[in-house]
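Chemist: My questions will all concern the structure given below.
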Amino acid sequence: MSALVDVKPGLEIETRLFIGGEFVDAIEGGRIPVTNPHDNSLLAEVAEARGADVDRAVEAARKAFPAWKCLAAADRGRLLAKLADAIEADGENLARLETLDTGHPVRDTRGLDVPRTVVTFRYFAGLADKVDGRVAQADPGFFNYVTREPVGVVGQIVPWNFPLMFTSWKLGPALAAGNTVVMKPAELTPLTTLRVAQLIANVGIPPGVVNIVPGYGNLAGQHLAEHPGVDKIAFTGSTLTGRKIVQASSGNLKRVQLELGGKGANIVFDDASLDAAVGGSAFAIFHNQGQACIAGSRLLLHEKIADEFLHRFLALAKSIRIGNPLDLSTEMGPLTSPGHRDRVLRYIEVAKEQGSTLLTGGKPPVDPALQSGCYIEPTVVTANPGDRVCQEEVFGPFVSITRFKDEAEVIGIANSTPYGLGGGLWTRDLQRGHRVANAIRSGMVWVNTYKRVSPASPFGGVGQSGYGRDLGPESMHEYTFAKSVMMNIDAQVPPYYKR
């Protein structure tokens, strides 16, 4: 075991693999360094899962599946509710650990990430025994019913931007539906998922039902996607990696669920409440340093209000408090890794090369206390719809500004990227709200708000943003399949076989 004394004196965080209800060393003994993006100091070294470790985890999940599938759905729900209670009780530890690992400000991990995780597990705890079948119309003398059956062993790959929250989004519906799981957290941010594994063991979820195998994507992730003993793979991450997941899964034609990139259009009409739109648009792009697939990264402003909006928006962006994410006054922390910080900085140079005007930001902050971390100032640029920064996912505190004249033009701009995850609009006109929401091609649309999520509402996209849905009753169908049972209730031999 490895203690992270910065979390809480005396608190030990398990850093080994979680397989078959036990924490075990990796077979090859590899370790993954996990660093604090605030200063790039070493937080811990966790066990690195490779192919043989994934094999062990899949075997444990297959062994646990029959009993977990047959456990009364209400009992599965009770165990998920106990896990939610345990996470809530451990909330302060989880919040600080998530902040240390990801750079997400502690005021957000306390106020958003942990509560969202708790409510997600509670939602699926309540949904476990509410997956209904149906009776289908059948010919006289026959009875046909349809049930929903768990898929089996599910491989799940969790991203690095909201690891704790996405752990609940993936585990909740999969376990409620009766599946067993092998989960690979991102190698950059595995710590809160491993902490949840400790809580899973403590609340009595049977051994092998959940297995956690931190590892690199090109080794553990690919092996999990290829594994013939895995019946489904659920992945959240980049579109490029999503394509590789699909290719790797083809060996046994396993079911695939993908939540991929986004390039959210955030539209402000001339009749919008500017106070609400400015604050909401800042949250849409700068929350979690812009590291969100649903970020409102394309800000589309009606020409009548563009100047006034920008005056307010730039003032707000410049006022955002950047600093140590453990400081309660911090509003924006560091990006999660040096490599990703450098990627965002490269996109800022791309914007300049393509003729964008830099309105604010575009560089690391000047504060000497932040020089060793992965910090970038909130960045705002002008851009044309066809520019790379309007077509490619930057995934940072970076927003492009484009002006529009009318509704038809802005709908065309909003739908001009290959992505279709989320988008939003600000207007006082209810009819326009419905009309434009219907015209935007994406899995989610927000009206007079942005990035509002609920465990009861499906989350997912279309096009290059993937397919399938997390959350909501829809996610229970993602983790089950329909089984039709046709019964000859009269027990009559079909007339065409009578002798």
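The values are calculated or read from the model by the stated rules, or taken from the named source; none is laboratory data. Not measured: the values here are computed from a predicted model. Heads up, the Cβs are rebuilt from the backbone with ideal geometry, glycines too, and the neighbour counts pull from every protein chain shown. We work out accessible area using only protein heavy atoms, side chains counted, and drop any ligands, DNA or RNA first. Shrake-Rupley method; radii C 1.70, N 1.55, O 1.52, S 1.80 Å.
Chemist: Just to compare against my own numbers: the Cα pair-distance distribution for the chain, 20 Å bins, whole % per bin, please.
Modeler: With a bin width of 20 Å, the distribution comes to 23, 52, 21, 3, 0.
Chemist: I would also like to ask the following. Rounded to the nearest 20 Debye, what is the dipole magnitude of region 432-499 about its Cα centre when Lys and Arg each give +1 and Asp and Glu each give -1 at the C-beta? Show your work: numbers first, answer last.
Modeler: Details: 9 positive and 4 negative charges, 50 e Å.
Around 240 debye, computed over region 432-499.
Chemist: Classify region 360-448 as rounded, prolate or oblate, taking a ≥ b ≥ c as the square roots of the eigenvalues of its Cα gyration tensor: rounded when a/c is under 1.5, otherwise prolate if a/b is larger than b/c and oblate if not.
Modeler: prolate
Chemist: So what are the radius of gyration and Dmax for the Cα set of region 268-353, in Å?
Modeler: Taking only Cα atoms of region 268-353, I get Rg and Dmax of 14.4, 41 Å.
Chemist: How many percent of all Cα-Cα pairs in region 148-268 sit more than 22 Å apart?
Modeler: Of the Cα pairs, 32 percent sit more than 22 Å apart.
Chemist: What is the local net charge at ALA47, summed over the other residues whose Cβ is closer than 9 Å to its Cβ (Lys, Arg +1; Asp, Glu -1)?
Modeler: Values: positive: ARG16, ARG31; negative: ASP25, GLU45, GLU48, ASP53.
Net charge in that neighbourhood comes out at -2.
Chemist: Report the antiparallel proportion of the DSSP beta bridges in the chain as a percent, rounded to a multiple of 5.
Modeler: 45
Chemist: Something else: How much accessible surface area, in Å² rounded to 10, belongs to the heavy atoms of HIS227 with a 1.4 Å probe?
Modeler: Surface open to solvent at HIS227 totals about 30 Å².
Chemist: Report relative contact order for the chain in percent, whole number only (criteria: Cα-Cα under 8 Å, sequence separation at least 6).
Modeler: 18
Chemist: Can you tell me, using C-alpha contacts under 8 Å and at least 6 residues apart, the relative contact order of region 164-310 as a whole percent? Working shown, then result.
Modeler: On the way: 165 pairs, mean separation 24.4, N = 147.
Over region 164-310, the number comes to 17 percent.
Chemist: Indicate the gyration tensor shape class of region 1-120 (rounded, prolate or oblate), computed on the Cα atoms with a ≥ b ≥ c the square roots of the eigenvalues: a/c under 1.5 is rounded; otherwise a/b larger than b/c is prolate and the rest oblate.
Modeler: Oblate.
Chemist: I need the semi-axes of the equivalent ellipsoid of region 231-383: take the C-alpha gyration tensor, multiply each eigenvalue by 5, square-root it, list largest first in whole angstrom.
Modeler: Over the Cα atoms of region 231-383, the ellipsoid semi-axes are 31, 21, 15 Å.
Chemist: Further, regarding this structure: Can you find, among LEU100, PRO173, ILE413, the residue sitting farthest towards the positive end of the charge dipole of the chain, where Lys and Arg contribute +1 and Asp and Glu -1 at Cβ?
Modeler: Among LEU100, PRO173, ILE413, the one farthest towards the positive end of the dipole of the chain is PRO173.
Chemist: May I ask you to evaluate 6.51 cos²θ - 1.76 cosθ + 1.60, the Karplus curve with θ = phi - 60°, for each residue of region 271-283 and list the ³J(HN,Hα) values in order in whole Hz, giving x for glycine and proline?
Modeler: For region 271-283, the Karplus curve yields 9, 6, 6, 5, 4, 5, 5, 5, x, x, 6, 5, 4 Hz.
Chemist: With all protein chains present, calculate the accessible area of VAL114 using a 1.4 Å probe and round the result to the nearest 10 Å².
Modeler: About 10 Å², ignoring ligands and nucleic acids.
Chemist: Apply the Karplus parameterisation 6.51 cos²θ - 1.76 cosθ + 1.60, with θ equal to phi minus 60°, to every residue of region 304-316 and state each ³J(HN,Hα) to the nearest whole Hz, in sequence, with x for glycine and proline.
Modeler: These are the phi-based 3J(HN,Hα) values: 5, 10, 4, 5, 5, 4, 4, 4, 6, 5, 5, 4, 5 Hz.
Chemist: Taking the Cα centre of the chain as origin, sum charge times position over the Cβ atoms of Lys and Arg (+1) and Asp and Glu (-1), and report the length of that vector in debye to the nearest 20.
Modeler: 1160
Chemist: Once the Cα gyration tensor of region 165-209 is found, what semi-axes does its equivalent ellipsoid get, as square roots of 5 times the eigenvalues, in whole Å, sorted largest first?
Modeler: 17, 13, 9
Chemist: Let me ask something else about it. Taking a cut-off of 29 Å between Cα atoms, list the lysines near LYS263, but don't count ones fewer than 8 places away on the same chain.
Modeler: Counting by Cα, and skipping residues close in sequence, LYS263 has these lysines nearby: LYS170, LYS184, LYS232, LYS244, LYS254, LYS304, LYS318, LYS352, LYS363, LYS405, LYS451.
Chemist: Once neighbouring chains are kept in place and the probe is 1.4 Å, which whole percent of the accessible area of region 370-499 is contributed by carbon and sulfur?
Modeler: 52
Chemist: Mind checking the per residue accessible area of the chain for me, 1.4 Å probe, whole number of Å²?
Modeler: Accessible area per residue: 40 Å².
Chemist: Let me ask another. Using the Karplus curve 6.51 cos²θ - 1.76 cosθ + 1.60 with θ = phi - 60°, work out ³J(HN,Hα) for each residue of region 413-421 in order, rounded to whole Hz, and write x for Gly and Pro.
Modeler: Going residue by residue, I get 5, 4, 9, 8, 9, x, 8, x, 9 Hz, with x marking Gly and Pro.
Chemist: Using a Cα-Cα cut-off of under 20 Å, which aspartates and glutamates could be cross-linked to LYS82, ignoring same-chain neighbours fewer than 8 residues away?
Modeler: Straight-line reach from LYS82, under 20 Å: GLU22, ASP90, GLU92, ASP113, ASP129.
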